[in-house]
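**Student:** The structure is given below, and queries will be raised subsequently.
The values are calculated or read from the model by the stated rules, or taken from the named source; none is laboratory data. All values reported here derive from a predicted model rather than from experimental measurement. Cβ coordinates were reconstructed from backbone atoms using ideal geometry, including for glycine residues, and neighbour counts include every protein chain displayed.
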Amino acid sequence: MADDQLFARFGKTCEPGEVLFREGEHGEEMYVLQEGAIRITKAVKGEEKTLALLGPGEFFGEMAILNAKPRTATAVVEQQAKVLVLGAKAFERMVVSNAEIAVRLIKRLARRLDSANELIEVLMHRDPKARVILGLSREAQFLGQPQDDGSVVVPLTEAELAEQVGLSESETVEVLKRLRRLQIVDPATTDSIVVRDVSRLDEFYEFLEMREKFGDG
């Protein structure tokens with residue numbers, strides 16, 4: 001009943017392809033996704049790059065009303081969605097009156113900080129193989145879409161992954177070829193990379209680290 005009342009007051013139904021906000025815009029509202037999926041993208045060198053694919057229960061757009069700065073990304077409806085649209089005062093009231101919402105917001109901001117720290121770790125690694133593996137593992141964690149067979153679909157192209165880890169596309173493709181030979185990933189499609197087993201991907205990274213540590217790589 002409470003959810004119905006919230007939706008009646010703040011809710012909006014959105015169709016696929018609808019843009020909720022654009023990067024660079026001034027923002028006075030944030031969103032809570034109740035149903036459907038939202039893709040968060042950012043323009044990089046003239047191309048839209050996916051940062052996250054959000055599901056029910058996720059907050060997004062909150063930074064614009066927390067720090068009064070322009071939107072840092074674009075939000076597009078991926079699947080028909082029901083969202084709560086909250087202005088700064090409504091959001092503040094919800095956080096003050098609802099401890100669960102406050103805790104979820106803190107956890108989300110902590111995940112965002114973790115993601116930034118992991119990206120720094122990826123970019124500082126000297127070994128291209130390790131950078132690709134770390135980057136792919138990171139994206140599988142934050143963007144990955146788990147499948148029934150245990151694999152994870154990462155909605156990034158080879159070129160987008162290369163951009164993420166700061167390598168050329170050719171360097172990245174060579175590492176992915178090796179991972180395919182080891183049957184850790186499947187051949188990439190035009191818009192995604194399939195990791196057969198994320199734990200094997202992480203184990204291979206640990207193997208590379210051990211080789212480097214003992215001077216055998």
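**Student:** Can you tell me which of Glu18, Glu25, Glu62, Glu35 is modelled with pLDDT under 90 and acidic (Asp, Glu)?
**Tutor:** Glu62 is the lone residue from the list that is modelled with pLDDT under 90 and acidic (Asp, Glu).
**Student:** Still on this structure: If Lys82 satisfies all but one of (1) of a type outside the set (Ser, Thr, Tyr); (2) at pLDDT below 75; (3) closer than 21 Å to Met30 by Cβ, what's the number of the condition it fails?
**Tutor:** (2)
**Student:** What is the number of the single condition among (1) over 17 Å from the mean Cα position of the chain (by Cα); (2) over 18 Å from Phe10 (Cα atoms); (3) of a type in the set (Ser, Thr, Tyr) that Thr41 does not meet?
**Tutor:** Result: Thr41 fails condition (1) only.
**Student:** Right, another one. Kindly indicate the residue of region 119-147 that is acidic (Asp, Glu) and over 16 Å from Ser192 (Cβ atoms) and also modelled with the lowest pLDDT among those meeting that condition.
**Tutor:** Glu121
**Student:** Hey, any hits in region 45-58 for a residue that's surrounded by 19 or more Cβ atoms within 10 Å (Cβ to Cβ) and at pLDDT 85 or above?
**Tutor:** The answer is no, given that none of the residues of region 45-58 is surrounded by 19 or more Cβ atoms within 10 Å (Cβ to Cβ) and at pLDDT 85 or above.
**Student:** With the checklist (1) closer than 14 Å to Ala88 by Cα; (2) surrounded by 19 or more Cβ atoms within 10 Å (Cβ to Cβ) in hand, flag the one item Met63 doesn't pass.
**Tutor:** (2)
**Student:** Something else: If a residue counts only when it is closer than 21 Å to Ile38 by Cα and in contact (Cβ under 8 Å) with a residue 24 or more places away in the chain, which helices (runs of 4 or more DSSP H) contained entirely in region 123-203 have at least 2 such residues?
**Tutor:** Result: 128-142, 158-165.
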